[in-house]
Structure formats: C-alpha cells, structure tokens
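What follows is calculated from the coordinates using simple rules that are stated; it is not laboratory data. From a predicted model like this one, the values you see are computed outputs, not experimental measurements. Heads up, the Cβs are rebuilt from the backbone with ideal geometry, glycines too, and the neighbour counts pull from every protein chain shown.
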Amino acid sequence: MKLEFKKMGINGEGIGFLQKKPVFCDDVYPGETAEIEITEQKPNYAYAKLIKRITSSEHRIKSVCPYQQECGSCPLLCMEHSAQEENKLEILRETLYRYAGIKSLHVRKMHGDTRSYGYRSACKLPIAEVDGKLCTGMYARNSNRFIAVDHCPIHTPELEEKRRQILAVLNHHKYPVYTSKTRQGLRFLIIRTIQKQTQCTLVTGKETIPEALVKELSSLPGITGIFQSINQQKNTRSAIGSVPRLLYGTASITIEICGITLNLPPDAFFQLNIEQAERLYTMAVSKIDPCDLLVEAYCGVGAMSLMAASKAKRIIGIENVPAAVEYARHNAEQNGIQDKARFICEDAAKGLTEIKEDVGCLLVDPPRSGLSEEMMRAILEKMPKRIVYISCNPATLAKNLNQLKRKYHILTIIPYDLFPSTQHIETIVVLSKM
C-alpha cells in the first residue's frame, strides 16, 4: 500500500491518513511517500511497517550511525537539525491544543542545541558476549534482540572513550557475561562522565568482583569511583538493582553548574545534556518571583533549589529517594545555604500537603508520567501563588495543564531541545494563580 506521510508523531514516527484514519509508521518523515504494510488496526488509528521509501523528504540526511534503524533510540538522526526543532515545536503546540485547548500563542520559540549528537554524558548499556568478547549494545526496537553497538554518536567523545577503555579492561580479565542459570556475571555497564570525572557502575549477579579488575579499572584516567550493583531480576531492562556499593574512589563526583557546587552519587538522576541543562535551569530559576517560601517537588539532589536560593527566604525540597535527600542536604551545606533550605524524604503530594505555610512558588520537575492525580489535588488544595513546571512529556504536561488552567493563568511556555536526534522535548511552563 502506498501512503503519503503528513506529520510527525510524538514518538518520532510518521503519520499518514487512510480515509481520514491516522496511520503510524516508523522510519518515515513528514513529506515522504512510502510503500507500507498495515500491521495493526484500531477503531480510530492503525500501525504500519515500512516496506520501501518511494520519495524522501528534503530534510532527510545520511545517518551517522550504522545501528540507527535497528536500534530506534534516535528516530530523528536522519533529519536536518532545523527540521527536527520545527517538528518538535509543532508536536508540542498540537498536543497542548488537543488535550488542553491551549493556543500556540503561549508557546515560545524552541531553545535548541547547536549539536545534533555528541552531547550525552551518561549511559546505561546491557552487556552480551559476541564472538567470545563482552560487548555493550542496545535492544532492537520492540524486541529482546541484542544489538552490539561499537560506537554511539549521541555520547560525548569523553563518554565513548571511557566506555571503550572500561570494556577493554573487562575483556582483558575475561569477565563473564551474566546468565540466568548461574545468576552471576556482568549484566549492565553504567558510566557517567562529567567535567573530566568518571563514575563506573558494574551491574552484576551476586558475586565478588576481583580486586585485580578493580585495580586496573581504577588506573584509567579520570576514574573517580567504581561501584557494584547487584541485579538478579528475571527478564528486566532496568539496570540498577541494589544500591551501588563503592569498590574504589569517592562516593560521588563534584561538579560546578550554574554557580553552585553539586555532589552526584552514581544512581542520582541528572540531566544528560549538561550544556543545555544549564540553560534550562537558568531559565526556570529566572521565572521564580522573590517569595517567602519556595517548594521544589521531585527535587533529587537539590540542584534547582540551590540555584534558586536567592529567590526565597526559605526553601523546602521534597524527594522520595532517601539517598538523594541526604545528598541534597549535603549539597545545601556545601553551598552555605543549610540554614534556609530543608529537604524532606516524602512522596511529593503528601509532602506538599503537610506544609502549613503559604507557598510563594512551587517548582516541579516530575517524571514522564507527569503529576499524579494525588499531586494535582495537593496543588489545587494548596494553591501556590506561582508554579514553574518543567516537563519531559508533552502529553502528560497537556493533561495536567488542562486541570491547572481552571485556577491558574498560563503565562508562558518555553520549549527546550535537550535531546537532539531523538523525539524528546523538555518544556518550562510558568503559571500564576488567578
């Protein structure tokens, strides 16, 4: 079947229309015509697979990654940089209008990155044995089939160099790959490289990693910490199992970002595109009005709370991961604001509800699932004067805003491209109580 594709979907797929019914197909871009095969019919839409591309978009470019089509992690890698940003901006506008009736006049221009690749500072990669050697890779799109990936162009050059060096040491020591039968061996390799410091976490079965291996890994330039996490769960793609245990070096790396000093343990969430994250954080903090009390929900290790210290007389950070809360407290002390910043370990909704004072500004950066119904109820009950909402998912953002706009004015919506060549969009939304 021949079909012309008109738009890009929220997952980077092409959308064509068959008798007004949307047809979603991977590996095609807007403006392309393709031979497809319908693979699944739903009442209001259908899925298809690409058989052959008949005409190509003027914005299609040659891929820099030989694994791109099989891997599927970077669906926009073959699209010109400017076209990526235009399509992402259009997706955000359409999603906000469809789910929340928000007109595009609220949406500002895309704050893009100058790079299409070479920006990712951390990786969590599964391990397999290929031709007698350990390899890092990815799982093929929508399957459990392992693809050995020799080089990832999305990674920073520093991260790629460390990945190759660590893998070479593991192979030199003939470290075994994990098997479900023995429940031992290496399962995932996690690396974070920021400001010339590298944390390496080996995710294994329940075993002792040889001292000689740890010693050789520790001799690699820039290695500041080596950790072990035990993960024996069956059929899982979640890398981290037990809390990482320090085998060598320091328990965290210390980085400078946006004028603050931040300590990061290996399992702490932090944005992968450091340069763009600095710009996004700076913008978000600039939208906080001076207030008596600033509350940051989902605060992690407290990065934005610390950056916004001059905006509030008091700060409360809420995070449900105990280790992250401990680091947030330590980071506050290291930056000299421990007297005005308090961090509590609690569910975001429960923590917000338990605050008795008026909240001048609420800063939220939830996971892709967005604000839960419990959190939405807590916000609408507490009614902070201003909300600065950082979202990584336009669909859940729009659904949350559809409720919030009944009590709040939407002042501005500012999109950021933190993940070029992928479908992901970060968005800052500023709201003011009516």
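See the values below:
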{"item": "Candidate values (i) 26.3; (ii) 23.4; (iii) 22.5, label of the one derived for Kirkwood radius over Cα pairs in Å", "result": "(ii)"}
{"item": "5 angstrom amide H check on Ile61, placed H, neighbours 5+ away", "result": "Met79, Glu80"}
{"item": "Packing-based order for 196-204, 224-232, using average beta carbon neighbours within 10 Å, highest first", "result": "196-204, 224-232"}
{"item": "Relative packing of 58-64, 118-124, 385-391, which averages over residues the other C-beta atoms within 10 Å, highest first", "result": "385-391, 118-124, 58-64"}
{"item": "Gain on full stretching of the segment that runs from Ile38 to Gln233 - 0.36 nm per residue minus C-alpha separation", "result": "66.6 nm"}
{"item": "Sequence-distant residues sharing a close amide H with Ser229 (under 5 Å, placed H)", "result": "Leu202, Val203, Thr204, Arg245"}
{"item": "Bridge type composition, the chain - antiparallel percent by DSSP, nearest 5", "result": "65 percent"}
{"item": "Long-range HN-HN contacts of Ala312 with modeled amide H, under 5 Å", "result": "Cys291"}
{"item": "Net charge dipole size for the chain [Lys, Arg +1 and Asp, Glu -1 on Cβ; Debye, nearest 20]", "result": "820 debye"}
{"item": "Antiparallel %, DSSP beta bridges [both residues in segment 1-58], to 5", "result": "85 percent"}
{"item": "Simple spin-label estimate for Gln184 and Ser56 in nanometres, 7 Å along Cα-Cβ", "result": "5.1 nm"}
{"item": "Partners for Lys287 among lysines (Cα-Cα distance below 17 Å; same-chain residues under 8 apart left out)", "result": "Lys109, Lys311, Lys313, Lys385, Lys433"}
{"item": "Rg/Rh (Cα only; Kirkwood hydrodynamic radius) as it applies to segment 109-216", "result": "1.01"}
{"item": "Potential lengthening between Ala140 and His409 on full extension [0.36 nm per residue; Cα-Cα distance subtracted]", "result": "92.5 nm"}
{"item": "Charge dipole (segment 360-406, unit charges on Cβ, about Cα centre) - positive-most of Ile390, Leu363, Gln403", "result": "Gln403"}
{"item": "Of Lys2/Lys88; Lys350/Lys399; Lys356/Lys382; Lys21/Lys103, pairs whose Cα-Cα distance is over 18 Å", "result": "Lys2/Lys88; Lys350/Lys399; Lys21/Lys103"}
